[in-house]
Amino acid sequence: MRAIRPRTRPQSREHVVTIDTDSAPRIMFSGENFLLEDLPVGTRVIYPKRPLTGVANPQAAIRYALNHPENMEPLHALLAPGMKVTVAIDDISMPLPIMRAPDVRQLVLEIVCEMLADHGVDDVHLVIALALHRRMTDAEIKRMVGSKIWNQYWPDRLYNHDACDPDGMVVVGKTRHGELVELNRRAAESDLVIYVNLNFVPMNGGHKSMGVGLCGYESLKAHHTPKAIVDSNSYMNPPDSAIGHSMNRQGQVIEDAIKVFHIETVLNNRTFDGPLDFLMKNEDDFTESDRLKFSAMKWALDKLPFAARREIFMRTPAAYELIACYAGACEPVHDKTVTKSFEQYAVEIEGQADILITGIPYVSPYNVNSKALNPLLVQVMALGYYYHMYRRQPVLRDGGVLIITHPCSDKFDPVHHPSYIEFFNRLLPETRDSYVLEQKYQDEFAYNPSYVEMYRRGNAYHGAHPFYMWYWGQRGREKVSRVICVGADNATAPELMGWETADTLAEAIAMARTTMGRSAQITMLHHPPIVISDVM
């Protein structure tokens, strides 16, 4: 491990790494609440970058992208009366939390649909590309697309993708690696597909949009596997992702068969503003007013019941702003998107850590508007997303200790996550081995008629989804020696996942040092907003 050069707390607004030279308090999420913890001297704290400035005129930026695409003709030149066009749209799994209205997808759709109408294109369907995610509710769709699009297209021409509809899916082909490529029939039979992407992290967008968003279960089986997870050095750095390579192969088969015009939008990381804008700061820069606001907020949250705290967080939208829009052919568009995304999120740091600390917030891509972040999703955030928030090499060295803060409550939303309940309580007590679970039980859950019906007619995640969530943490499980959960309100759920618990952060650090030594380098990832460590 490279030595960490000592630094004092930075004065420049552009610096994002702090080395604590005393026992300095830091804020971290713990579910629907905040913790204020003192970190040991010498702890490295990795802060997100300041938000990039949003474009001055989002509609103008979108129109410019449509008229000046990458490696394709302008969108208007692709349109003609009588065409059959399908517009696919990313679902609400991103951004987190939901963004303040108008959603950037609304802005894109209003411009695209106006252009379609101006060119006499009447056969237009708008499909929410949710793959095996839960169906969005009517209210969620209306908020995302806006009243104008909703009133014009819902319900017959604006609807959720159904990956389990036997008449609504077609096989497009196979990749050179034998990976099956299924696709939504409406999209496959269209003269043109326009994909509207909201890019929140570098792993989204590109060939994943069509290859995953509009696919079925058999297509996902090609790469949503424990082996593909383990072979992916980082989901957040596309060249190092085995999953990404498989998606690219599937996406290319689709691009060879169907004309697709990609529109990708990039947001900044302005998660908090207004009364909560102090949460975007380094705690060393807090004013007295900021400290009072934090104390008042924490006091109020501590007094509220769980359901009320969760409602407040879920209903408080983020002030994200559009920082870029690109359109045209898949790969050159996505290359620009990823570059812009890293410009906002990537923070250079020197050397790996022995102990990594991070708070787990109340929301993930898979529990938006759910009643809880269930333990399986806490695991996804810890060992899936946050462990993988890096380029080049992990922040946490192999054999290191991961410390998270979260209540890890044994709470599941029976409407959104019914198959999770059975997976967690029936399968994990039998085995935590992802490879065994994949071979022995995955198809059973995927084709369970009850879970299929709840996915198709209700608002439940597909029966196979909890397996993917468990696999998502497989590389982390294999690389991390211990996971210690601080503040868990029960011992059963963490223990079932192979984790240890501690009542306080100090206790967890002491436990970690028994493995890593007293001189262990400790790093804290200061989420949110998102930060991706560029480990040198």
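Throughout, read-outs are computed from the coordinates displayed, never taken from laboratory work. Just so it is clear, the model here is predicted, and its values are computed rather than measured. Neighbour counts are summed over all protein chains in view; Cβ atoms, including those assigned to glycine, are modelled from backbone coordinates with ideal geometry.
Counting every other Cβ atom within 10 Å of each residue's Cβ, E331, E32 order from fewest to most as E331, E32. Neighbours of A319, meaning other residues whose beta-carbon lies under 13 angstrom from its beta-carbon, give a summed charge of -2 when Lys and Arg score +1 and Asp and Glu score -1. Taking packing as the residue-averaged number of other Cβ atoms within 10 angstrom, the listed peptides 274-282, 257-265 run from highest to lowest as 257-265, 274-282. What separates the Cα centres of the range 90-159 and the range 264-288 is a distance of 28 Å. For the range 58-267, the share of DSSP beta bridges that are antiparallel, to the nearest 5, is 20%.
Let me have the 222 nm mean residue ellipticity of the chain computed from DSSP H runs of 4+ only, each contributing -39500 (n - 2.57), with the sum over all residues rounded to the nearest 500.
Numbers: 20 runs with 180 residues, N = 536.
Calculated at 222 nm, the ellipticity per residue is -9500 deg cm²/dmol.
In the set (1) 70, 53, 45; (2) 80, 76, 37; (3) 72, 65, 64, the label that goes with Cα extents along the principal axes in Å computed for this structure is (1). Distance from the Cα centroid of the range 221-249 to that of the range 36-62 is 27 Å (rounded to whole angstrom). For M524, neighbours were defined as the other residues whose beta-carbon sits under 10 Å from its Cβ, and their charges (Lys and Arg +1, Asp and Glu -1) total 0. Give the Debye-formula value of log10 I(q)/I(0) at each listed q (0.14, 0.15, 0.16 Å⁻¹), with one equal scatterer per alpha carbon of the range 58-267, two decimals each. Results for the range 58-267 at q = 0.14, 0.15, 0.16 Å⁻¹ read -0.83, -0.96, -1.10.
Once the Cα atoms are used to define both axes, helix 434-446 deviates from the longest principal axis of the chain by about 40 degrees. With the cut-off at under 13 Å, measuring from each backbone N in the range 117-145 to a point 7 Å along the Cα-to-Cβ line of D167 picks out no residue.
Each Lys or Arg adds one and each Asp or Glu subtracts one; over the other residues with Cβ under 11 Å from the Cβ of N374, this totals 0.
Sorting W470, W299, W499, W150 by the number of Cβ atoms found within 10 Å of their own Cβ, with the fewest placed first, yields W299, W150, W499, W470.
For M469, M247, what ranking results if the residue with the fewest other Cβ atoms within 10 Å of its Cβ goes first? Walk me through the numbers on the way to the answer.
On the way: M469 23, M247 28.
Listed from fewest to most nearby Cβ atoms, that is M469, M247.
Taking every lysine pair in the range 58-267 that is 8 or more places apart or spans two chains, those with Cα atoms closer than 28 Å amount to 16. Counting only DSSP beta bridges with both residues in the chain, the antiparallel share comes to about 25 percent.
Working from Cα pairs under 8 Å separated by at least six residues, relative contact order for the range 58-267 is 23 percent.
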